[in-house]
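Every number in this text was worked out from the coordinates using simple rules, so none of it is lab data. It should be emphasised that the depicted structure is a prediction, and the values quoted were computed from it without experimental measurement. Cβ sites come from the backbone with ideal geometry, for glycine too, and all protein chains shown count toward neighbours.
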Amino acid sequence: MNEMPKPTDAHKRLERLIGKWKGEEKMHPSPWDPIGGIAIARINNRSALDGFTVMQDYEQERNGEVGFRGHGVFSFDATQQCYFLHWWDSMGMPPNEFKGNLMDNILTLTSQSPMGLNRATFDLRQDGKYTFTLDASQDGKQWYTMMEGNYKRE
């Protein structure tokens with residue numbers, strides 16, 4: 001009987017995301033949120049598929065109501081030697097595919113869609129905490145921050 005594949009060290013590096021997290025997010029004014037504001041996020045990241053992926057369930061609360069939900073799947077592609085995040089959310093759009101690298105416990109992933117480029121950065125350098133930023137660009141040169149979050153493990 002052949003031995004089943006096992007997660008590599010690259011897959012295991014995603015384990016820093018695992019846990020239940022809560023934190024404050026600052027939404028910057030953007031075409032999707034012209035006013036911006038402060039939100040509370042709850043994130044549940046769990047290991048899945050025998051350690052090959054991390055599944056994320058996300059919800060954002062503003063003014064006492066959950067108004068946005070998302071589901072993500074983080075993985076490492078050994079063939080392409082890069083990380084992926086496949087993202088679905090309650091905006092009803094097709095899934096986004098983010099692709100990038102994890103260096104010095106900072107996971108930086110980019111996505112391209114008809115609406116432009118997005119860059120998601122997960123700073124995992126501190127135990128029990130992480131920060132997230134989502135930036136957007138039309139040309140890949142000029143970026144603006146759409147949101148910033150600071151989360152603590154619950």
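Counted residue by residue at 0.36 nm each, then reduced by the alpha carbon distance between them, the extension gain from Met103 to Ser137 reaches 10.0 nm. Multiplying the residue separation of Gln80 and Asp127 by 0.36 nm and subtracting their alpha-carbon distance yields 14.1 nm. Would you please name the chymotrypsin sites (Phe, Trp or Tyr not before Pro) within the range 1-70 that are DSSP coil residues with at most 14 other C-beta atoms within 10 Å of their C-beta? When the chymotrypsin sites (Phe, Trp or Tyr not before Pro) of the range 1-70 are filtered for loop state and at most 14 Cβ neighbours within 10 Å, Trp32 remain. What does the convex hull of the alpha-carbon atoms of the chain project to on average, in nm²? Its average projected convex-hull area is 10.3 nm². For a paramagnetic label modelled on Thr8 (point 7 Å from Cα along Cα→Cβ), amide N atoms under 20 Å away belong, within the range 93-123, to 98-110.
Remark: the chain carries a charge dipole of roughly 260 debye about the Cα centre, counting +1 on each Lys and Arg Cβ and -1 on each Asp and Glu Cβ.
Taken as Cα centroids, the range 1-41 and the range 99-154 sit 9 Å apart, rounded to the nearest whole angstrom.
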